[in-house]
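Written below as structure tokens is the structure these notes are about.
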Amino acid sequence: MAGFIIVVFPKYLLDILLIFQPACCPEVNPLERIWGQIKEELSWTIYEILDELKEKVGAFIRKFSTE
């Protein structure tokens, strides 16, 4: 015998529209392109210390900053 669940949503959640996007779809989600560029920038490099990796990613992201 299969069971079922009754879900009661609070009123404030009923005004939220969820939009589902396909995974790995750079046409819909521009951030996918940035992650692709970061992966390309970091490929074939071995970082001995996590701080080196953090600095490299931070420097790459700062290139996109407008400040």
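Things to note:
- Candidates Glu32, Glu52, Glu41, ranked by Gaussian network fluctuation over the chain, Cα under 10 Å, top entry: Glu52
- Percent breakdown of C-alpha pair distances by 10 Å bin, ordered from the shortest bin, for the chain: 15, 26, 22, 18, 15, 4, 0
- C-alpha long axis of helix 31-42 to longest principal axis of the chain, angle in °: 30
- In this structure, Val57 and Val8 have a Cβ-Cβ separation that, at R0 = 35 Å, corresponds to a calculated FRET efficiency of about 0.25.
- Listed by chain and number, the aspartates and glutamates whose C-alpha is less than 12 Å from the C-alpha of Lys56, apart from same-chain residues fewer than 8 away, are Glu41.
- Förster radius 30 Å - calculated FRET efficiency between Ser65 and Ile19, Cβ distance, rounded to 0.05: 0.65
- Lys/Arg +1, Asp/Glu -1 at C-beta; the chain dipole; positive extreme among Ile49, Phe64, Pro26: Pro26
- Longest DSSP-loop-exposure-free segment, chymotrypsin sites (Phe, Trp or Tyr not before Pro), the chain, at most 16 other Cβ within 10 Å: 21-43
Read the figures in this text as sums done on the coordinates, not as results from a lab. Everything quoted here is computed from the prediction, not taken from an experiment. Cβ: placed from backbone, ideal geometry, glycine included. Neighbour counts: every protein chain shown.
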